[in-house]
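The values are calculated or read from the model by the stated rules, or taken from the named source; none is laboratory data. Worth saying up front: this structure is predicted, and the values here are computed from it rather than measured. Heads up, the Cβs are rebuilt from the backbone with ideal geometry, glycines too, and the neighbour counts pull from every protein chain shown.
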């Protein structure tokens, strides 16, 4: 089963947020639901893709929205209308992501308006990667490793992060690694993700995103949706930073990355 790819970061689309709304949508409803995947990254313009799906857990059934009017505005009262590029993708031209700025994305489709706000934090620092052999009983033929990420953290502020992992060039969609330093006071933090398996010979790329609390909460709920889809639990709709009636997210963010080979 495809793992909720409609709420993944597609192509170079990234994310971030501020206010939160619960989308009151029946995920098992066969009627089309508008899905937004939007982002503005540090020093880049806004990118967004709009699509529809009649089955929240099957992105193969998605169709695209080609006639939306989408605008983005920043906290300095600059704004622009995004241009349509085809295949459901829209992008800006002049407004780029700057640290400390808050961005508001507004979507108008069929005379219905949806909006989301997101703040862009400073670029995080991923110092280095290491790996560790997991010494646990298992029935796998290959030895399993976990990736350890050392990051710079501001002990005087509450920070939120999203980790994305790539194995041999392929992004791993099984789980979204989120981290908060709420209960840790240190200048350097080492984060290990034990829910993803890596093996000798793998080339692993890690991307570290600085996000806000809203996106942090959103991707934690995405994980819950992924797990409920694999169990007998009733699927539910994750909280979005968009106004009601639409699925997905809008994220302003910055990121750092490193690559390591497991020898």
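Some points to look at:
- Single condition residue 66 does not satisfy, out of (1) more than 20 Å from residue 210 (Cα to Cα); (2) not in a loop (DSSP other than H, G, I, E, B): (2)
- Condition check for residue 184 on (1) in the same structural domain as residue 38 (by TED's automatic domain parsing); (2) over 22 Å from the mean Cα position of the chain (by Cα): one failure, at (1).
Residue by residue, here is whether (1) modelled with pLDDT of 90 or more; (2) buried (at least 17 other Cβ atoms within 10 Å of the Cβ) holds:
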position: 19; (1), (2): no, no
position: 22; (1), (2): no, no
position: 26; (1), (2): no, no
position: 41; (1), (2): yes, yes
position: 61; (1), (2): no, no
position: 81; (1), (2): yes, no
position: 92; (1), (2): yes, yes
position: 96; (1), (2): yes, no
position: 111; (1), (2): yes, no
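- The set of residues in the stretch 155-176 being over 17 Å from residue 202 (Cα atoms) and without any contact (Cβ under 8 Å) to a residue 12 or more places away in the chain consists of 156, 157.
- Residue 100, sole failed condition from (1) in contact (Cβ under 8 Å) with a residue 60 or more places away in the chain; (2) exposed (fewer than 11 other Cβ atoms within 10 Å of the Cβ): (1)
- Of the criteria (1) over 16 Å from the mean Cα position of the chain (by Cα); (2) closer than 30 Å to residue 105 by Cβ; (3) at pLDDT 90 or above; (4) surrounded by 17 or more Cβ atoms within 10 Å (Cβ to Cβ), which one residue 204 fails: (2)
- Pairs are defined by a Cβ separation below 6 Å, a sequence spacing of at least 6 or placement on different chains, a first member in the stretch 26-45 that is more than 18 Å from residue 104 (Cα to Cα), and a second member that is modelled with pLDDT of 85 or more and surrounded by fewer than 15 Cβ atoms within 10 Å (Cβ to Cβ); no pair meets this definition.
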